[in-house]
Amino acid sequence: MIRCISPIDGSVYAERPVLSAEDAHSAVARLQAAQKGWAARPLAERIALVLEGVANVGAMNDEIVPELAHQMGRPIRYGGEFGGFNERAQYMAEIAQGALADIEIEDSDRFRRVIKRVPHGVVLVVAPWNYPYMTAINTVAPALIAGNTVMLKHASQTPVVGERMAQAFHAAGIPEDVFANVCLDHQTTSALIAAKSFGFVNFTGSVGGGQAIEKAAAGTFTGVGLELGGKDPGYVCDDADLDAAADTLIDGAMYNSGQCCCGIERIYVAEQHFDAFVEKAVAIVEGYRLGNPLDPETTIGPMAHKRFADEVRAQTAEAIAAGAKAHIATFDTDDGGAYLTPQILTNVTHDMRVMRDESFGPVVCVMPVKDDAEAIALMNDSSFGLTASVWTKDTARAEAIADQIDTGTVFMNRADYLDPALCWTGCKDTGRGGGLSIIGYHNLTRPKSYHLKKA
Ligand code: NAP
């Protein structure tokens, strides 16, 4: 059984049996058998079916919003994920024709030479609970549009999300053997990968999980996309708009109780603005209301599980013991469990775990820097590389800084947004994913060359 313990009150919200190894292999076989027929359907038909499935998810949003609160603690006031879910699917549908088009080299009297893009076969999508709809759709929509069949294994914390997506896509007319939501344990997931069940595996989650998937795939030549953790920095330059920087970076650090892969965890501020920035940041966080996510007044909910909050508490306590200063007094609603006071730390160093390990929670550290060179060195002093956010009025300066940061995405004057036209990717321990954009399609298909001599 997998068990979703609600962070609201620790009760069991959902329990589901995992598939036996035998049933899991049968499910793969059905997806494999259906794939050629699905890929043979016209692209326009696949796109229409996927978009209808997406619209069906939107039609269920009133039920989905409280379900998310129950499963992973996101306050209902934020209205769910349909905005980003829909935006990404629509964009991937829009570019499909061009992204999947044949590359024509020659079509003369003598030769036809062309590179086509063909689907991998069955794509396994392993999704996390923190943005359970948006992370899943990044791969599910383009994989189906490209002619793959898809097995979705959702997180144990958010089992209802996979069920909702299956319900919506099947109601749209996508066959059950083309898109299947399954409950799998880790061992069976690895066994399926090792048995060459899939043409491609997209895994979004922790570094340890990504390593386990890569090990399972070793020697099978299965393509693997790994979208893993981050420790994303923000840099507030001396010419930045301080109010805008504080608003966006603190929101980027605390939204979703800090449980964003591209959440801001480290902020470097030009030293002359350091005190003013910290003062603004503290005022923002002191205005949050930590509480039951079903209460419309709540702006910050519990973390998805007590064990995640325990890790953030441990990192914070270690840092304070080593000399860090905590700026936020414990909230009344902090229960020592999943409900955790959002925290801002200063007097931190890169020797502290809170500046090195992913916190994935509502704590952010702020450090002064004397110039761009120091900021760049500190931003790069991390084993992760997902996003970085630079705050300046000077685009050329931002781009010059961006060129020197080892990361997947650089933002200027914004943070924490996935632009579906750009590749969602990372470097270092953030893995080697490449989702969304035209590159997402290239990763979900393989090139196939046709060299046809006519006479
Ligand atoms: P996690 O424990 O790795 O779980 C993520 C998903 O992977 C879940 O479906 C989980 O299944 C599954 N999983 C984990 N280990 C597995 C294994 N050995 N075999 C098969 N499946 C496995 O990650 P998390 O802590 O829930 O999620 C937070 C992490 O995800 C953070 O590190 C965050 O930065 C990262 N993340 C990255 C991105 C990105 O785009 N780069 C986006 C979102 C989140 P169970 O739930 O059943 O264990």
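The values are calculated or read from the model by the stated rules, or taken from the named source; none is laboratory data. This structure is a prediction, so every number in the text was calculated from the model and none was measured. Backbone-built Cβ (ideal geometry, glycine too); neighbour counts: all protein chains shown. Protein only, heavy atoms only, side chains kept; ligands, DNA and RNA dropped before computing areas. Shrake-Rupley method; radii C 1.70, N 1.55, O 1.52, S 1.80 Å.
Annotations
- Secondary-structure-derived ellipticity at 222 nm for the chain, considering helices only, amounts to -12500 deg cm²/dmol, per-run term -39500 (n - 2.57) for DSSP H runs with n ≥ 4.
- Per-residue 3J(HN,Hα) values for the stretch 433-450, derived from phi via the Karplus relation 6.51 cos²θ - 1.76 cosθ + 1.60 with θ = phi - 60°, read x, x, x, 6, 6, 4, 5, x, 5, 5, 6, 9, 9, 10, x, 9, 9, 10 Hz in sequence order (x marks Gly and Pro).
- For Lys428, distant residues with modelled amide H under 5 Å away: none
- Whole-Å distance, taken between Cα centres, linking the stretch 1-38 and the stretch 127-172: 12 Å
- Karplus-derived HN-Hα couplings along the stretch 338-352 (A = 6.51, B = -1.76, C = 1.60, θ = phi - 60°), whole Hz, x at Gly and Pro: 5, 7, 10, 4, x, 9, 10, 10, 10, 6, 9, 9, 6, 7, 7
- For Leu345, residues with placed amide H under 5 Å, excluding near neighbours: Val364, Cys365, Val366
- Derived scalar couplings ³J(HN,Hα) [the stretch 211-224; Karplus, 6.51 cos²θ - 1.76 cosθ + 1.60; whole Hz; x for Gly, Pro]: 5, 5, 5, 5, 5, 4, 7, 3, x, 8, 6, 6, x, 10
- For the stretch 305-431, alpha-carbon Rg and Dmax in angstrom: 16.1, 47
- Computed extension gain for Asp62 through Leu294, at 0.36 nm per residue and net of the alpha carbon distance, reaches 82.3 nm.
- What the Cα convex hull of the stretch 117-243 gives, in volume per residue, is 161 Å³.
- Distance histogram for the stretch 2-89 (every C-alpha pair counted, 5 angstrom bins, percent rounded to whole numbers): 3, 11, 13, 13, 15, 18, 16, 8, 3, 0
- With Cα atoms, 0 to 90° folded angle of helix 159-171 axis to the chain main axis: 40 degrees
- Carbon and sulfur %, accessible surface of the chain computed with the full protein complex present, 1.4 Å: 51 percent
- Cut-off under 5 Å, modelled amide H: who pairs with Ile5 long-range: Tyr13
- Antiparallel %, DSSP beta bridges [both residues in the stretch 232-420], to 5: 10 percent
- Once the Cα atoms are used to define both axes, helix 132-145 deviates from the longest principal axis of the chain by about 20 degrees.
- Beta bridges per DSSP with both ends in the chain, % antiparallel, nearest 5: 35 percent
- Degrees between helix 306-321 axis and first principal axis of the chain (Cα, 0 to 90, nearest 10): 40 degrees
- Environment charge at Glu163 (Cβ cut-off 12 Å; Lys +1, Arg +1, Asp -1, Glu -1): 0
- Those residues of the stretch 415-455 whose amide nitrogen sits under 13 Å from the label point placed on Glu94, 7 Å along Cα→Cβ: 419-422, 437-438
- Normalised by 2.2 N^0.38 Å, where N counts its residues, the alpha-carbon radius of gyration of the stretch 247-371 equals 0.99.
- Long-range tail of P(r) for the chain (Cα pairs > 41 Å, %): 19 percent
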